[in-house]
């Protein structure tokens, strides 16, 4: 059983929701970002999404774009990210997902990346710009190295299409709540609950929802119908301001209100 | 007459040209791309659509564009040089061939709003133009640096009723404009039609744009047969993303007697590292929805392109060009900013035609090779656009001292500015 599957099963057994967090590796440099990630892992993160910076992050809003630019300006490479994952793996039990865009992975070689990631103790890959239609080059290598392939489902994804995507999915399902790029939203769309309930009928995999979450109340509302929430841009900002622990505490408080039900 | 079928024509059903192309986009956009592909397959086979497009290309754009024999240029360089006059199209470039097709398709699909990215501004102007024609809303994403380089086109778009959205991220040129356009499309994907201007981006764009542009090549074929009685020996076209080149090359792909030459921008020279020659000097990578040749560093980060011409200043290239390069169906080379500028002046002075800096790259390679080909050789250069938009750039680089020196008034004016 993969570390991700195991982690979600344990959370489910304990009646808890998963707090999934994204941080861009190398922002603003490797040392500082590793410290922020360690703080997050120590202060309540259940699953870590570690961002591999890319020069042209077309699905990201200004916050994560800027984080990627700072990381690249500091010279962060995929190898640095994998080395960091490896150090984190030795110290923490939480699942680690490598989150990024296709080209830096493709440039190193898909098979090589999977081998390196598995070696570093990474548990899954989420590649934003590799949809189902392009995933056939990637999936066999992920599987061969015991890595989960985390799919994205969007509000624009039909139920029929979701079924096709979920047939190939392992680990968990990442539901993008908004029509748009990453970034903090004051309001989340009203159709999130409905979409999540529909997705439930398509898969037995854990569902986490992200894009836009920054506050306890949002976490609470979303987690009513999801197995967890993802916090990205808000966590990146919190890391810059030294508020990682405070933000995670706040979000956890929101999740607690719907836990154990 | 039909060109050879030996080489693959068009992408496979998932949008791959050999190992290139595809749909490397976030899931949010996939349903829109699938819907677009279905709609495009329908109109391709729809006589009513094709008739309306043909009518607009004739009466609104002014097609067919002439195939003009440049006598003085031919005399100086020793081969028969013909210019395919896309610069004479309405809006001054080949871009409108494609935007008309896509806007007609958008209307069929019930979309109320168009959006586009633009580098030189030609595609933005062509999109704003068809938006006005069809009474649609229009937003054009343009890098801030390009807005300065191509100021007249910004004004034209605004006059046409489009909103020009300045892009301040990254290099503030075409690459970032396209990234920002993709981000904006994600947020408005249900009511907005994204008009991509090049044979790049995710499937079906590279295929669809090339088909809308291949009217250039079909006309060139017919006009060559009519005027010369045979096909040309060589065809030159500039390649940034590669839409004008794909359009003029496509009917001739596989015809061994016609040599096709795609001319990329070598900027300050390939060795300088400051260029936009993705095929000549790039490696295979994935950007903006497709796999193709790409300027990138050893870690897969996209490198900044450089070209004096905003329309070629892009680190990628259409996937079909990548396949043609691998197959040897088209030869790709690159010319520097300086060579392109010289060709710009040469064509202006010899023929009274001011070419776009993009097209000047094709002219430069053509006049470099013409003397070696001999008097009987027939060359076609795709003059993809006119150069009015580039006057500021050319004058700035020349320091107001335009070659030949018959421009005291302009020099004086530039002097005042300095």
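The values are calculated or read from the model by the stated rules, or taken from the named source; none is laboratory data. In this text the structure is predicted, and so the values were computed from the model without any measurement. Quick reminder, even Gly has a Cβ in these numbers, built from the backbone with ideal geometry, and neighbours come from all protein chains shown.
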Residue ID - nearest to the other protein chains (Cβ to nearest Cβ), chosen from residues in the stretch B:203-223 that are touching a strand residue (DSSP E or B) at 6+ places or on another chain (Cβ under 7 Å) and under 19 Å from residue B:259 (Cβ atoms): B:216
Applying the selection to the stretch A:120-131, what residues are away from every other protein chain (no Cβ under 12 Å) and part of a loop (DSSP other than H, G, I, E, B)? A:121, A:122, A:123
Determine whether the stretch A:136-158 contains at least one residue that is within 14 Å of chain B (Cβ to nearest Cβ), surrounded by fewer than 21 Cβ atoms within 10 Å (Cβ to Cβ) and over 27 Å from residue A:65 (Cβ atoms). yes
Looking at (1) in contact with a strand residue (DSSP E or B) (Cβ under 6 Å, 6 or more places away or on another chain); (2) surrounded by fewer than 23 Cβ atoms within 10 Å (Cβ to Cβ); (3) at the interface with another protein chain (Cβ under 9 Å from one of its Cβ atoms), find the lone condition where residue A:205 falls short. (3)
Only one residue in A:40, A:117, A:71 is more than 13 Å from every other protein chain (Cβ to nearest Cβ), over 22 Å from residue A:19 (Cα atoms) and buried (at least 24 other Cβ atoms within 10 Å of the Cβ), so which one is that? A:117
If we keep just the residues of the stretch A:104-114 that are over 18 Å from the mean Cα position of the chain (by Cα) and within 12 Å of residue B:287 (Cα to Cα), which is farthest from the other protein chains (Cβ to nearest Cβ)? A:106
Find all pairs meeting these conditions: Cβ atoms under 7 angstrom apart; at least six residues apart or on different chains; first residue within the stretch A:10-29 and more than 21 Å from residue A:214 (Cβ to Cβ); second residue surrounded by 24 or more Cβ atoms within 10 Å (Cβ to Cβ) and at pLDDT below 95. none
Test each condition in (1) touching a residue at least 40 places away in the same chain (Cβ under 8 Å); (2) within 30 Å of residue B:150 (Cα to Cα) for residue B:28 and report the one that comes out false. (2)
Over the stretch A:79-97, the set of residues buried (at least 24 other Cβ atoms within 10 Å of the Cβ) and either over 18 Å from the mean Cα position of the chain (by Cα) or within 14 Å of another protein chain (Cβ to nearest Cβ) (or both) is A:81
Okay, strands (runs of 3 or more DSSP E) sitting entirely in the stretch B:1-110 with 1 or more residues that are within 14 Å of another protein chain (Cβ to nearest Cβ) and surrounded by 14 or more Cβ atoms within 10 Å (Cβ to Cβ), I get B:20-24
Suppose we keep only residues that are more than 24 Å from residue A:102 (Cα to Cα) and out of contact with any helix residue (DSSP H, G or I) (no Cβ under 8 Å at 6 or more places or on another chain) within the stretch B:307-328. Which one would you say is farthest from the other protein chains (Cβ to nearest Cβ)? B:328
Selection from the stretch B:154-197 of residues part of a helix (DSSP H, G or I), under 23 Å from the mean Cα position of the chain (by Cα) and closer than 28 Å to residue B:320 by Cα yields B:174, B:175, B:176, B:177, B:178, B:179, B:180, B:181, B:182, B:183, B:184, B:185
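Residue under question is residue B:200, and the condition is that it be away from every other protein chain (no Cβ under 11 Å), under 18 Å from the mean Cα position of the chain (by Cα), assigned to a loop (DSSP other than H, G, I, E, B) and crowded, with 24+ Cβ neighbours inside 10 Å; does it hold?
Spelling it out, residue B:200 is indeed away from every other protein chain (no Cβ under 11 Å), under 18 Å from the mean Cα position of the chain (by Cα), assigned to a loop (DSSP other than H, G, I, E, B) and crowded, with 24+ Cβ neighbours inside 10 Å.
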How many residues does the stretch B:152-197 contain that are away from every other protein chain (no Cβ under 14 Å), in contact (Cβ under 8 Å) with a residue 60 or more places away in the chain and within 27 Å of residue A:176 (Cβ to Cβ)? 2
I'm told residue A:190 meets every condition in (1) crowded, with 23+ Cβ neighbours inside 10 Å; (2) over 24 Å from residue B:181 (Cα atoms) except one. Can you identify the failing condition by its number? (1)
Given the conditions (1) at the interface with chain B (Cβ under 8 Å from one of its Cβ atoms); (2) buried (at least 21 other Cβ atoms within 10 Å of the Cβ), every one holds for residue A:171 apart from (1)
Kindly provide the set of residues from the stretch B:99-129 that are within 15 Å of residue B:213 (Cβ to Cβ) and touching a strand residue (DSSP E or B) at 6+ places or on another chain (Cβ under 8 Å), ordered by number. B:99, B:102, B:103, B:105, B:122, B:123, B:126, B:127
Before we move on, is residue B:400 modelled with pLDDT under 95, outside any helix (DSSP H, G or I) and buried (at least 16 other Cβ atoms within 10 Å of the Cβ)? yes
Matching option when the condition is within 18 Å of the chain's Cα centre (by Cα), surrounded by 24 or more Cβ atoms within 10 Å (Cβ to Cβ) and within 27 Å of residue B:21 (Cα to Cα), among A:124, A:61: A:124
Spot the failing condition for residue B:371; the list is (1) touching a helix residue (DSSP H, G or I) at 6+ places or on another chain (Cβ under 6 Å); (2) surrounded by fewer than 19 Cβ atoms within 10 Å (Cβ to Cβ); (3) free of Cβ contacts under 8 Å to residues at least 40 places away in the same chain, and only one is missed. (3)
Can you confirm whether the stretch B:132-151 contains a residue that is out of contact with any strand residue (DSSP E or B) (no Cβ under 8 Å at 6 or more places or on another chain), under 26 Å from residue B:393 (Cα atoms), assigned to a helix (DSSP H, G or I) and free of Cβ contacts under 8 Å to residues at least 24 places away in the same chain? yes
Could you check, for the stretch B:263-281, whether at least one of its residues is within 14 Å of another protein chain (Cβ to nearest Cβ) and at pLDDT 95 or above? yes
